[in-house]
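Worksheet for the structure shown next.
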Amino acid sequence: MPTMKKFWTYLVIAFVAMVAAVNYELFIFPNQFAPAGLNGICTMVQYITGISVGYLSLIVNVPLALWCYLEVSKPVALRSMVYVITFSLGLLILDRVDFSTVAYATDNGTSKILGPLVAGIIQGYVYSILVKASAYTGGTDFISAILHKRSPEKSFFSMSFAINSLIAVCSFFVYGYQMEPVILCILYCFMSTTVGDKLMKSGREAICFEIITDYPQEISDEIIEKLHHTTTLIPAKGMYSGHETNLLICVVNKNQATTVSAICKGYPNTFAIVDPVREVMGNFKHMSTSGKEVKEVLDAGDGKTL
């Protein structure tokens, strides 16, 4: 079973790599701007020389992947190379296909902003899937991971931002000394980062209930029975009335919040303070509304992606 899960993970990585290649052909190349990462540099080199990003990506990423293999993580490097090779081959194949009828571009430049926005959304989705599969898109991800391994105090995302900012500045000179490619690059980076971050954290978000009640055992029993989550009991005291009461702390998945709310409403003198939890770390099970544990679809490898 673990072998099948790993095989499925590699298939998913290859699939999202092809999605990324189509994304480049439909929304990035036609609008003449440099996306984020070293592929942004490759895109500018292609614009100047005509050499396909497919070839350039392989030339740049193979030595970086080997470096990452030796210094950071062997599984991460291998999975990332599956992405890089599939992406590069996808571009080389798609370069021979005429996408002029479906690629998004405008002759007079109107609504040119939509291309980078859509491209950023798609790439953010691709990035979120790769992180869950313990893989990178290559390029600046490899460089940042290696630098972070050597200097853990340095932020992975800060280093990526610095590199991407340099690429945005370079695009000003490559694309005819115009500000528009710089703005489009920034928009692409913003959308891909925002969407990727949101999707990556969506499975780790939760709701924290702080329940004040005189029925701690009954409420705890219902939560355990219906949601398969437990609670933490803290003795409490109302400082205005001096009434001895109880505080139950319970963290549940977002889709279970309505069930906890309904349980609380069934007991008199019971109310809850509800706070969103952006991320839960450690051994926290994700449960469905029926109380069954939601299994991870992808194999997380050694979990050394940052």
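The numbers here are math on the coordinates, done by the rules we state, and not lab data. This is a predicted model, so every value here is computed, not measured. Cβ: placed from backbone, ideal geometry, glycine included. Neighbour counts: every protein chain shown.
For the stretch 126-148, the condition holds for at least one residue, the condition being that it is without any contact (Cβ under 8 Å) to a residue 24 or more places away in the chain, under 21 Å from the mean Cα position of the chain (by Cα) and in a helix (DSSP H, G or I). So, in the stretch 59-73, how many residues would count as being free of Cβ contacts under 8 Å to residues at least 40 places away in the same chain and either aliphatic (A, V, I, L, M) or surrounded by 13 or more Cβ atoms within 10 Å (Cβ to Cβ) (or both)? Final tally of qualifying residues: 5. For the stretch 25-43, which residues satisfy the criterion of being surrounded by 24 or more Cβ atoms within 10 Å (Cβ to Cβ) and either touching a residue at least 40 places away in the same chain (Cβ under 8 Å) or under 21 Å from the mean Cα position of the chain (by Cα) (or both)? Correct list: Phe27, Ile28, Phe33, Ala34, Pro35, Ala36, Gly37, Asn39, Gly40.
Would you confirm whether or not the stretch 46-62 contains a residue that is polar (S, T, N, Q) and assigned to a loop (DSSP other than H, G, I, E, B)? Yes. The residue that is nearest to the chain's Cα centre (by Cα), among those in the stretch 96-121 that are closer than 16 Å to Cys185 by Cβ and of a type in the set (A, V, I, L, M, F, W, C), is Ile121.
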